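Trainee: My questions will all concern the structure given below.
The values are calculated or read from the model by the stated rules, or taken from the named source; none is laboratory data. None of the values given here were measured: they were computed from a predicted structure. Virtual Cβ from ideal backbone geometry, glycine too; neighbours counted across all protein chains shown. SASA here: full protein model, heavy atoms, side chains in, ligands and nucleic acids out. Shrake-Rupley method; radii C 1.70, N 1.55, O 1.52, S 1.80 Å.
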Amino acid sequence: MTENSKWFDLLSRFLMPMAAFLNNSRYLQTLRDAFMLAFPITMFGSLIVVVANLPFLDKFMSPGVLDAFKTSLGNAPSATMGIMSLFVVFGIGYYLSKSYEVEAVFGGVIALVSFLLLTPFFVSVENVADPVGNVIPLDRLGAKGMFLAMITGFLAGEIYRFIVQKNWTIKMPAGVPTAVAKSFSALVPALLTLTVFLGINIAVTSLLDTNLHDLIFNLVQKPLVNLGNGLFPTLIAIFFVQLFWFFGLHGQVIVNSVMDPIWNTLSLENLNAYTSNGEIPNIISKQFIEIYTVGIGGSGSTLAVVVAILLFMRSKQMKQIGKLSIGPGIFNVNEPMIFGLPIVMNPLIMIPWIVAPLITVTVTYFAMSTGIVPPPTGVAVPWTVPMFISGMMATNSLAGGLLQLVNFAIIMAVWFPFLVFIDRLNLKKEREEANTTQEKNQQIG
């Protein structure tokens, strides 16, 4: 066995169990599905934010008309992305219950109410002595409540399914309508689960003189989000995305299932700040990851590789791969390239495959941290939107699209010598095969 084979075997033995655990984890799958449940809703809110903040509106609208226009659209972001924690907690309760094959809708509703039981129904106002009651602060339902929503969703879902599976339910006689029977069946699990969360809320507010929202935010969410907002943790995440893909595992699904809670929270913080005062507090966010890695031709930003193959490579094999990959690659689908070149388990291109995205992520981070390019606003952009357009949409700036073009050039420069080497190997092989075929034809003739 060669040294390379030994190294691949050792790395595979380390990665495969970890990837299998992450990919098959009930909780990570539930979390992924819960965020996807909110995706169509958040997409609507994102489109409204884009329309309301188009940079040229002030050219043909007076200030008064522009303010009225923005005000008329103002509820859309708040009613969608502003209450994303509600969608997430319901989705977790729903999909976790579904995974246990218990009544999923009631699991989602019970998780949602459990979260509201922990939410303070008052808001403090400046220069007012007493807080205003019978209202829910919007930030509790958005970015600030995200981690409590996830914890509540999983805990409520587990308590609910435990009670149902223990058969502590009310059984209705045959002939009772199905909807009525299901409601009575969920009655005891709902009462017990909600009692637990009411008790938790009473204990926290009475003994600690605070609420669970602030407690989780300060002890858990804030430190994790601050950590995930740095360049170094982001580079580690990108490294593992590329490494998992190299071994034929879907790196995006595996890594994102762990990092999405942090990245999505950062995106919501950006969006809330952007819509309220035009500022963007975080560089790293869900859109940063998607637009400046996946958004340039799929995982590994391989659209530049496809273009380099079509323009500069000469072997028939490479040309054919380029032709098959260019169409999907424009829309950030790069499986034809990953499995056709191939990238999977190909030691000849492991270095550019891993190193190039790390370089472009670093360049992107410093371009945004220095103010050359504005960070993404938090607006959700479908990952299939072509390069340059997606960059402008995500940042509401032409500079966002131009930065993608810079990254495109960097990717091509990093990959080019490796592609030339592979192309020459392919040309040599094709010539040898052509000579062999010619000799056989001459012998037959």
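Trainee: Check which residues have an amide H placed less than 5 Å from Phe122's amide H, if you skip close sequence neighbours.
Mentor: Those lying under 5 Å, H to H, from Phe122 are Val135.
Trainee: Now a separate question. Could you work out the Rg to Rh ratio of the chain, with Rh taken as the Kirkwood radius (inverse of the mean 1/r over all Cα pairs)? If you can, show how the numbers build up before the last one.
Mentor: Values: Rg = 26.4 Å, Rh = 24.7 Å.
Ratio of gyration radius to Kirkwood radius: 1.07.
Trainee: Still on this structure, I have one more. Could you work out the percent of alpha carbon pairs in the range 303-357 separated by over 18 Å, rounded to a whole number? All intermediate terms of the calculation are to be shown ahead of the outcome.
Mentor: Details: 396 of 1485 pairs.
For the range 303-357, the fraction of Cα-Cα distances above 18 Å is 27 percent.
Trainee: What residues have an amide H closer than 5 Å to that of Ile284, excluding those fewer than 5 places away on the same chain, when H is modeled at 1.01 Å from N in the peptide plane?
Mentor: It is none; the list stays empty.
Trainee: Of Val225, Ile296, Ile236, which is farthest on the positive side of the dipole of the range 188-345, counting Cα position, with +1 on Lys and Arg Cβ, -1 on Asp and Glu Cβ, and the Cα centre as origin?
Mentor: Checking the options against the dipole of the range 188-345, the answer is Ile296.
Trainee: Bins of 5 Å, beginning at zero and ending with the bin holding the largest distance: percent of Cα pairs per bin for the range 368-445, please.
Mentor: Values per bin, smallest distances first: 3, 13, 13, 13, 9, 8, 7, 7, 7, 6, 5, 4, 3, 2, 0.
Trainee: For the range 107-245, what percent of Cα pairs sit more than 26 Å apart?
Mentor: Numbers: 4231 of 9591 pairs.
Cα-Cα pairs of the range 107-245 separated by over 26 Å account for 44 percent.
Trainee: Which order do you get for Phe408, Phe162, Phe418 if you rank them by accessible area with a 1.4 Å probe, largest at the top? Don't jump to the answer; show the numbers that get you there.
Mentor: Working: Phe408 35, Phe162 90, Phe418 60 Å².
Result, largest first: Phe162, Phe418, Phe408.
Trainee: Show log10 I(q)/I(0) for the range 244-444 at q = 0.08, 0.17 Å⁻¹, two decimals, from a solvent-free Debye sum over equal Cα scatterers.
Mentor: -0.31, -1.08
Trainee: Next question. Hydropathy at least -0.5 by Kyte-Doolittle, axial extent at least 27 angstrom from the Cα trace: which helices of the chain, defined as entire DSSP H runs, fit?
Mentor: Values: long enough: 3-24 (31 Å, 0.05); 26-52 (39 Å, 1.22); 146-165 (28 Å, 1.34); 187-207 (29 Å, 2.02); 251-277 (36 Å, 0.03); 350-369 (29 Å, 1.59); 398-444 (64 Å, 0.14).
Taking the DSSP H segments of the chain (at least 27 Å long, mean hydropathy at least -0.5), we get 3-24, 26-52, 146-165, 187-207, 251-277, 350-369, 398-444.
Trainee: Let me ask another. Tell me which aspartates and glutamates have Cα within less than 18 Å of Lys166's Cα, excluding those fewer than 8 residues away on the same chain?
Mentor: Excluding near neighbours in sequence, the set is Glu101, Glu103, Glu158.
Trainee: With the cut-off at 1.5 for a/c, could you classify the range 2-229 from its C-alpha gyration tensor as rounded, prolate or oblate?
Mentor: On the way: a/c = 1.64, a/b = 1.14, b/c = 1.44.
Oblate, since a/c reaches 1.5 and b/c is not below a/b.
Trainee: Gap in Å between the Cα centre of the range 356-427 and the Cα centre of the range 192-249?
Mentor: 29 Å
Trainee: Give the range of the longest stretch in the chain that excludes all trypsin sites (Lys or Arg not before Pro) found in loop regions by DSSP and having at most 16 other beta-carbon atoms within 10 Å. Could the numbers behind the result be given before it?
Mentor: Values: sites that count: Lys166, Lys171, Arg314.
Counting at most 16 other Cβ atoms within 10 Å as exposed, the longest clean stretch of the chain is 1-165.
Trainee: Turning to a different aspect of this structure: Ignoring ligands, DNA and RNA, what percent of the 1.4 Å accessible area of the range 167-224 is carbon and sulfur? Please list the in-between numbers first.
Mentor: On the way: 2550 of 3570 Å².
The C+S portion of the solvent-accessible surface of the range 167-224 is 72 percent.
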